[in-house]
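These notes are about the structure you will find just below.
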Amino acid sequence: MASTADFRNGMTIEFEGELFSITYFQHVKPGKGGAFVRTKLKNVLTGAVIERTFRAGEKVDEVRLVRRPVQYSYTDGQFYYFMDNETYEQIPLPAQTIGENQLVYLKENMVCEALTRDGEPISVEVPFFVELEVADTEPGVKGDTAQGGTKRAKLETGAVVQVPLFIDVGDVIKVDRRENKYLERVSS
């Protein structure tokens with residue numbers, strides 16, 4: 001247990017049955033009435049941010065989360081299997097634990113980061129920047145680049161991003177998966 005005096009940015013607490021990371025806190029002592037702590041809390045699993053006020057000295061459950069590297073192995077349609085890089089243990093996780101927006105960038109043998117609580121994985125994070133091969137796109141037309149146009153490209157994992165006209169099938173590109181945005185061509 002921790003009190004509001006122990007609050008610090010990045011601290012993870014269990015509040016209302018969910019895990020939250022403290023992104024901002026401010027101790028307030030008004031002229032009359034009791035002191036309190038104003039906070040912004042980010043949900044560890046969903047990323048949603050809420051604002052909450054705690055009375056000074058109020059007790060909360062502090063949670064220790066550990067980040068560990070894991071390598072994606074395969075899926076059997078129901079679970080996605082990751083191998084712990086330290087213990088070589090297979091970790092099965094359902095799709096909702098990983099998140100649909102990350103699954104479209106997940107590639108075999110990709111090293112990801114697992115967030116664990118008491119040794120049990122609660123989520124997996126795919127790297128922010130991924131390098132993937134273009135599987136399908138329209139051919140670029142020579143001389144059609146006056147305005148720096150873009151076109152849709154389907155990547156090897158099924159993700160679709162907008163790319164410059166000079167990108168062709170077989171090119172490997174770097175993508176920022178958080179914004180679903182093309183960054184650069186790695187190789188052609």
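Read-outs: derived from the displayed coordinates by stated rules, not from any lab. What you are looking at is a predicted structure, and each value in this text was computed from that prediction instead of being measured. Glycine gets a Cβ as well: all are built from the backbone with ideal geometry, and neighbour counts include every protein chain shown.
Residues in segment 168-188 that are in a loop (DSSP other than H, G, I, E, B) and either under 23 Å from the mean Cα position of the chain (by Cα) or loosely packed, with under 15 Cβ neighbours inside 10 Å (or both): 169, 170, 177, 178, 179, 180, 188. Contact map, segment 34-60: first residue closer than 20 Å to residue 123 by Cβ, second residue assigned to a loop (DSSP other than H, G, I, E, B), Cβ cut-off under 8 Å, separation 6 or more or different chains; pairs are 42/48. The residue list 91, 98, 122 contains one member that is in contact (Cβ under 8 Å) with a residue 60 or more places away in the chain and surrounded by 13 or more Cβ atoms within 10 Å (Cβ to Cβ), which is 122. Quick check on residue 165: is it under 30 Å from residue 63 (Cβ atoms) and buried (at least 16 other Cβ atoms within 10 Å of the Cβ)? The answer is no for residue 165.
Would you point out the residue of segment 1-57, among those that are aromatic (Phe, Trp, Tyr) and part of a strand (DSSP E or B), that is surrounded by the fewest Cβ atoms within 10 Å (Cβ to Cβ)?
Start the filter on segment 1-57 by keeping residues that are aromatic (Phe, Trp, Tyr), which leaves 7, 15, 20, 24-25, 36, 54.
When the remaining residues are screened for being part of a strand (DSSP E or B), the result is 15, 20, 24-25, 36, 54.
Numbers: 15: 18, 20: 24, 24: 13, 25: 17, 36: 18, 54: 18.
Of everything passing the filter in segment 1-57, 24 is surrounded by the fewest Cβ atoms within 10 Å (Cβ to Cβ).
Per the listing 12, 116, 46, the residue uniquely touching a Phe, Trp or Tyr at 6+ places or on another chain (Cβ under 8 Å) and β-branched (Val, Ile, Thr) is 12.
If you go through segment 150-162 and pick out every residue that is crowded, with 18+ Cβ neighbours inside 10 Å and more than 20 Å from the chain's Cα centre (by Cα), you end up with 1.
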